[in-house]
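Working notes, structure below.
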Amino acid sequence: MLEFKLTNVEEQPYLYEERSCSRDPSDISATMGGAFQNVMDFLSSRQISPIQVLAVYYTYDPDRMSFRAGFTVSTDAESKADGAVNAAVSPAGQVVTFTHVGASSELRHRYGMMMEYIEKN
């Protein structure tokens, strides 16, 4: 069963690649998968250990979405960003988390459930 958790988090540096795509599930899966793979290859080539996978969505309209796909990293790894891989810091604060296991095509439904949870809580 899907469980949503309200959690307080600290700032966390992350390395990412920025992408945009249509909202078609197969396009999202391919585009996001490619970005995650590129960042993982970058981390591996520089012997940086990822801490947690992270996707940050920052524009979302009926036709397209833009996002950052990457991994949280240690503070000292933040300065190693280069080329298409950028660095940022996620803000401290209260967040809703959940773990998705399954096909990317199911995420749209999961996000809808999360938004309902946020509205109720």
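Only the coordinates and a few stated rules stand behind these numbers; no lab work does. Bear in mind that the values here come from a model prediction, so they are computed numbers and not experimental data. Note that each Cβ is placed from the backbone with ideal geometry, even for glycine, and that neighbours are counted across all protein chains shown.
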Quiz prompt | Counting all C-alpha pairs of segment 1-64, share separated by more than 15 Å (%) | solution = 64 percent
Quiz prompt | Using θ = phi - 60° and Karplus 6.51 cos²θ - 1.76 cosθ + 1.60, couplings along segment 90-105 (whole Hz; Gly, Pro as x) | solution = 6, x, 6, x, 9, 9, 9, 10, 7, 10, 9, 10, x, 6, 4, 5
Quiz item: What is the dipole size for the chain, taken about its Cα centre, with +1 at each Lys and Arg Cβ and -1 at each Asp and Glu Cβ, in debye to the nearest 20?
Solution: 140 debye
Quiz item: Short version: ³J(HN,Hα) in whole Hz for each residue of segment 76-89, in order, from phi by Karplus 6.51 cos²θ - 1.76 cosθ + 1.60 (θ = phi - 60°), x for Gly and Pro, what are they?
Solution: 5, 7, 4, 6, 8, 4, 7, x, 6, 8, 10, 10, 8, 10
Quiz item: How much net charge surrounds Val96 when only the other residues with a Cβ under 14 Å from the Cβ of Val96 are counted, with Lys and Arg +1 and Asp and Glu -1?
Solution: 0
Quiz item: Once phi is turned into ³J(HN,Hα) by the Karplus curve 6.51 cos²θ - 1.76 cosθ + 1.60 with θ = phi - 60°, what whole-Hz value does each residue of segment 58-68 show in order, with x for glycine and proline?
Solution: 10, 9, 8, 10, x, 9, 9, 9, 10, 8, 10
Quiz item: For Val56, what is the net charge nearby, where nearby means another residue's Cβ is under 14 Å from its Cβ and Lys, Arg count +1, Asp, Glu -1?
Solution: -1
Quiz item: From the list (i) 0.94; (ii) 1.08; (iii) 0.97, can you say which value of Rg/Rh (Cα atoms, Kirkwood Rh) was derived from the structure given?
Solution: (iii)
Exercise. Round to a whole angstrom and tell me the spacing of the C-alpha centers of segment 16-43 and segment 54-85.
Key: 10 Å
Quiz item: Lys/Arg Cβ at +1, Asp/Glu Cβ at -1, dipole of the chain taken about the Cα centre: which of Pro91, Gly102, Thr75 is farthest positive-ward?
Solution: Gly102
Quiz prompt | Full-stretch length increase - Glu78, Ala103 - with 0.36 nm per residue and alpha-carbon distance subtracted | solution = 6.0 nm
